[in-house]
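Below is one structure, written out as structure tokens, with a few remarks after it.
The values are calculated or read from the model by the stated rules, or taken from the named source; none is laboratory data. Given the structure is predicted, the values throughout are model-derived calculations rather than measurements. We place every Cβ from the backbone using ideal geometry, glycine too, and count neighbours over all the protein chains shown.
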Amino acid sequence: MASVAELLKIIDEEKLRVDKDLIRLAFDFAQEAHQGKVRKNGEPYLNHSLETAKTLARYHLDQDTIIAGLLHDVPEDTDRTLQDVRKEFGKDVAGLVEGITKLGKLKYRGIERYIENLRKMFVAMASDIRVIFIKFADRLHNLKTLDALESEKQERIARETLEIYAPIANRLGMWQLKGRLEDLSFKYLYPREYQNLKEALDKNFSEREQLLKHLCR
């Protein structure tokens, strides 16, 4: 079961300067809003909100961004409104959540000539770069839970990630995020090649460990 303690632990480990009581309040707000809602994989929807916020904390995003990560799906998927978010957490958090909602309305069609325009619109609509960080954290967790979806949808989301999200991450210098997005997408678009590469890397890692043990005797 999702617990705010997981997020607070990361905040402590990363030595982030945030108001923990406000983080708890945001978690409780999200928990109440998403009460009883589950995702395709059967997990409580709150798990997704929490995992998004945990990723943002690991990347040392600020307090408002972490809170917006917890609340990013509230206006779109629950009875609570953007006005409710603004009233409880202020206009900055509400602005970030609104930015995520707007980005969610951009539709990927997989048509080559529209892809570059979609990338430009994606960046232009996110007037605050923190919105893009939240969207990337949201996408990372979605990719990790793709197994619950039908194969056609898995492929569409993975291809959208490679053609839209990863290039934007590259342009913005978010290279670690770019690598993670690409790795997770590759698994669904090219499963055989992914498995072969994984086995080769695992074998190489095992051989290196054996060599190190031998050298350290």
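For the range 89-101, a residue qualifies if it is modelled with pLDDT of 95 or more and either over 18 Å from D62 (Cβ atoms) or not in a helix (DSSP H, G or I) (or both), and exactly one does: G90. Of L162, L118, L143, all but one fail to be touching a Ser or Thr at 6+ places or on another chain (Cβ under 7 Å), in a helix (DSSP H, G or I) and modelled with pLDDT under 95; the exception is L162.
Restricting attention to the range 76-124, the residues being charged (D, E, K, R), buried (at least 16 other Cβ atoms within 10 Å of the Cβ) and either within 20 Å of F27 (Cβ to Cβ) or without any contact (Cβ under 8 Å) to a residue 40 or more places away in the chain (or both) number 6. Considering G36, G42, which residue is more than 18 Å from the chain's Cα centre (by Cα), under 30 Å from E163 (Cα atoms) and exposed (fewer than 13 other Cβ atoms within 10 Å of the Cβ)? Sole residue among the options that is more than 18 Å from the chain's Cα centre (by Cα), under 30 Å from E163 (Cα atoms) and exposed (fewer than 13 other Cβ atoms within 10 Å of the Cβ): G42.
Only a single item in (1) crowded, with 17+ Cβ neighbours inside 10 Å; (2) more than 17 Å from the chain's Cα centre (by Cα); (3) of a type in the set (G, A, S) is not met by A166, and it is number (2).
Candidates T101, T161: the one that is among the polar types (S, T, N, Q) and touching a Pro at 6+ places or on another chain (Cβ under 8 Å) is T101. The selection criterion, being touching a helix residue (DSSP H, G or I) at 6+ places or on another chain (Cβ under 9 Å) and either of a type in the set (F, W, Y) or assigned to a loop (DSSP other than H, G, I, E, B) (or both), does not hold for K54. Would you confirm whether or not the range 25-48 contains a residue that is in contact with a strand residue (DSSP E or B) (Cβ under 8 Å, 6 or more places away or on another chain), closer than 23 Å to E98 by Cβ, of a type outside the set (A, V, I, L, M, F, W, C) and assigned to a helix (DSSP H, G or I)? For the range 25-48, residues in contact with a strand residue (DSSP E or B) (Cβ under 8 Å, 6 or more places away or on another chain), closer than 23 Å to E98 by Cβ, of a type outside the set (A, V, I, L, M, F, W, C) and assigned to a helix (DSSP H, G or I): present. The residue that is surrounded by the most Cβ atoms within 10 Å (Cβ to Cβ), among those in the range 125-160 that are within 22 Å of G99 (Cα to Cα) and among the basic types (K, R), is R139. With respect to the conditions (1) over 22 Å from G110 (Cβ atoms); (2) modelled with pLDDT under 90, W175 lacks only one, and its number is (2).
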